[in-house]
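The values are calculated or read from the model by the stated rules, or taken from the named source; none is laboratory data. Owing to the predicted nature of the structure, the values given are computational and were not obtained by experimental measurement. Cβ coordinates were reconstructed from backbone atoms using ideal geometry, including for glycine residues, and neighbour counts include every protein chain displayed.
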């Protein structure tokens, strides 16, 4: 039986040499958690099952390149590496793979041009393509949408792109099904309602997407504790839980999260 | 020196870096010439058929070294091509060093298998020194090996069916999982390989 995975996500600002990991904006102040390859190495040693790098560089100037960040990381980290943020062509994907990435995630570019999913899958295999879906609950305009019943009423989910700044009108549940057909190997599913709230994963969303596709779903958005991971694994078929800030400042170690899960009967990979 | 066979189908940084970390002295070899190699790695990239097309020119020098006792380790597709044939590429001939065939994972499980699964050890093997049943390794594959002589299967994993995870026949070894992506346990296995190569 496959283990449920715990995946730390590193939002990387490449505007400085070596890059830096952005912890998120709190009280209008951006906080930095460290240098990407160093943090990735720490998480690897702590038992991360996979590492995700997302390029969120705001400035036009990229002092570090993702290529260098991946290359340096792959000297120290011996679990799969996933890279996303700004992958908009087969050529971008090729560069990431040739630096040592095992998978790429695509969101905006795939929504704009769905065939990109097929192209990457045909060249590198389905396992190398992760489609990121950023979904937000909508309680209006239900006509023609795939809807679910939630505690707060019937809703559908709308895909956003450009880092959550723009909405597409695309039905996230229909899109999930489509990306599977196009050859996506996994879905990285982020709840825009929960992202940054620390209220836990959107269980209803995660459950709905996990039921609608056969490919693995990575739950993301809102995780603040091992209890949240336990909840998403107990109540849904999510194959992985992704979290960022809870690891960055040592609130919880990955090891502690996994022990917590194992004690409650969740199949996880424990390291010595 | 441990030669990594580069048949031009993808990046080999991961296995190169992992062998370095495991104390080995890897060298990426584009030419089919393994005279200085104390051990050889056949990495796994692409489909069975395309892989064999690119690997064919390495066959003779590889078989010479195998006959001389050099340890050879195939990873993922690199293990599958050691068998006779695969459902993935009908008509394509594998190396046939281990007799058997490669078939698709069964209906009813998500294909590819992608993620961490646990091993069940079937027999003692130096390559698996320090590794126990229950230890997890990273798998990514849609097809799996069925050797006709089940005694070559040194470890299995369960995914819809019993899957051969490690095969060993004399100095020929194969792993269906990726040791270079399997964390400390994967590195331990590569350390064992490095040690076996030095003996």
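Any chance segment A:51-61 includes a residue that's in contact with a helix residue (DSSP H, G or I) (Cβ under 9 Å, 6 or more places away or on another chain), more than 25 Å from residue A:222 (Cβ to Cβ) and surrounded by 24 or more Cβ atoms within 10 Å (Cβ to Cβ)?
Within segment A:51-61, not a single residue is in contact with a helix residue (DSSP H, G or I) (Cβ under 9 Å, 6 or more places away or on another chain), more than 25 Å from residue A:222 (Cβ to Cβ) and surrounded by 24 or more Cβ atoms within 10 Å (Cβ to Cβ).
For segment B:39-87, which positions are surrounded by 16 or more Cβ atoms within 10 Å (Cβ to Cβ) and more than 17 Å from the chain's Cα centre (by Cα)?
B:61
Going by the conditions given, is residue A:104 more than 25 Å from residue A:270 (Cα to Cα) and not in a strand (DSSP E or B)? Before you say what the answer is, go through the steps one by one.
Values: more than 25 Å from residue A:270 (Cα to Cα): yes; not in a strand (DSSP E or B): no.
Taking the combined requirement at face value, the residue does not satisfy it.
How many of the residues making up segment B:18-38 are more than 15 Å from the chain's Cα centre (by Cα), closer than 20 Å to residue B:173 by Cα, in contact (Cβ under 8 Å) with a residue 40 or more places away in the chain and within 10 Å of chain A (Cβ to nearest Cβ)?
Adding up the residues that qualify gives 1.
Looking at residue A:2 and the list (1) within 14 Å of chain B (Cβ to nearest Cβ); (2) in contact with a helix residue (DSSP H, G or I) (Cβ under 6 Å, 6 or more places away or on another chain); (3) under 29 Å from residue A:182 (Cβ atoms), which single condition is not satisfied?
Unmet condition: (2).
Would you please list the contacts, defined by Cβ atoms under 6 Å and residues six or more apart or on different chains, that run from a residue in segment A:224-244 that is within 14 Å of chain B (Cβ to nearest Cβ) to a residue that is in a loop (DSSP other than H, G, I, E, B)?
Correct list of pairs: A:233/A:4; A:233/A:266; A:239/A:216.
Could you tell me whether segment A:17-24 includes any residue that is within 12 Å of another protein chain (Cβ to nearest Cβ) and in a loop (DSSP other than H, G, I, E, B)? Even if it seems obvious, please write down each step before you answer.
So the first thing to find is which residues in segment A:17-24 are within 12 Å of another protein chain (Cβ to nearest Cβ), and the list is none.
No, that holds for no residue.
So that you can scan it fast, the table gives a plain yes or no per residue for (1) under 17 Å from the mean Cα position of the chain (by Cα); (2) not in a strand (DSSP E or B):
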{"position": "B:98", "(1), (2)": "yes, yes"}
{"position": "B:103", "(1), (2)": "yes, no"}
{"position": "B:106", "(1), (2)": "no, yes"}
{"position": "B:109", "(1), (2)": "no, yes"}
{"position": "B:132", "(1), (2)": "no, yes"}
{"position": "B:138", "(1), (2)": "yes, no"}
{"position": "B:154", "(1), (2)": "yes, no"}
{"position": "B:157", "(1), (2)": "yes, no"}
{"position": "B:165", "(1), (2)": "yes, no"}
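Within segment A:39-88, can you find the residues that are in a helix (DSSP H, G or I), over 25 Å from residue A:119 (Cβ atoms) and more than 9 Å from every other protein chain (Cβ to nearest Cβ)? Quick ask: steps written out before the conclusion?
First pass over segment A:39-88, keeping only residues in a helix (DSSP H, G or I): A:39-45, A:66-73.
From what is left, the residues that are over 25 Å from residue A:119 (Cβ atoms) are A:39-45, A:68, A:72-73.
A:39, A:40, A:41, A:42, A:43, A:68, A:72, A:73 - these are the residues of segment A:39-88 that are in a helix (DSSP H, G or I), over 25 Å from residue A:119 (Cβ atoms) and more than 9 Å from every other protein chain (Cβ to nearest Cβ).
Does residue A:146 fit the bill of being over 18 Å from residue A:239 (Cα atoms) and part of a helix (DSSP H, G or I)?
Working: over 18 Å from residue A:239 (Cα atoms): yes; part of a helix (DSSP H, G or I): no.
Judged against the criteria, residue A:146 is not a match.
Across segment B:44-77, which residue is farthest from residue B:114 (Cα to Cα) among those that are out of contact with any helix residue (DSSP H, G or I) (no Cβ under 7 Å at 6 or more places or on another chain) and assigned to a loop (DSSP other than H, G, I, E, B)?
Among residues in segment B:44-77 that are out of contact with any helix residue (DSSP H, G or I) (no Cβ under 7 Å at 6 or more places or on another chain) and assigned to a loop (DSSP other than H, G, I, E, B), the one farthest from residue B:114 (Cα to Cα) is B:68.
Just the residues that are touching a helix residue (DSSP H, G or I) at 6+ places or on another chain (Cβ under 7 Å), more than 18 Å from residue B:157 (Cα to Cα) and facing another protein chain (nearest Cβ under 8 Å), please, taken from segment B:181-196.
B:187
Just the residues that are free of Cβ contacts under 8 Å to residues at least 12 places away in the same chain and more than 19 Å from residue A:34 (Cβ to Cβ), please, taken from segment A:245-268.
A:259, A:262, A:263, A:265
Hey, among A:200, A:183, A:221, which residue is without any contact (Cβ under 8 Å) to a residue 40 or more places away in the chain and more than 19 Å from residue A:52 (Cα to Cα)? Working first, answer last.
On the way: A:183 fails: without any contact (Cβ under 8 Å) to a residue 40 or more places away in the chain; A:221 fails: more than 19 Å from residue A:52 (Cα to Cα).
After applying the criteria, what remains is A:200.
Can you tell me how many residues within segment A:160-176 are modelled with pLDDT of 95 or more and within 18 Å of the chain's Cα centre (by Cα)?
Number of matching residues: 4.
Name the strands (runs of 3 or more DSSP E) wholly within segment A:174-263 that hold at least 2 residues that are surrounded by fewer than 21 Cβ atoms within 10 Å (Cβ to Cβ) and in contact with a helix residue (DSSP H, G or I) (Cβ under 9 Å, 6 or more places away or on another chain)?
Details: elements: A:186-191, A:217-220, A:240-243.
The strands (runs of 3 or more DSSP E) meeting that bar number zero.
Of B:66, B:42, which residue is away from chain A (no Cβ under 14 Å) and over 20 Å from residue B:137 (Cβ atoms)?
Values: B:42 fails: over 20 Å from residue B:137 (Cβ atoms).
The unique qualifying residue is B:66.
For residues in segment B:121-137 being touching a residue at least 40 places away in the same chain (Cβ under 8 Å) and in contact with a strand residue (DSSP E or B) (Cβ under 8 Å, 6 or more places away or on another chain), which is nearest to the other protein chains (Cβ to nearest Cβ)?
The qualifying residue nearest to the other protein chains (Cβ to nearest Cβ) is B:136.
Among the residues of segment A:98-126, write down those that are surrounded by 22 or more Cβ atoms within 10 Å (Cβ to Cβ), within 13 Å of chain B (Cβ to nearest Cβ) and more than 14 Å from the chain's Cα centre (by Cα).
Scanning segment A:98-126 gives A:100, A:101, A:102, A:124, A:126.
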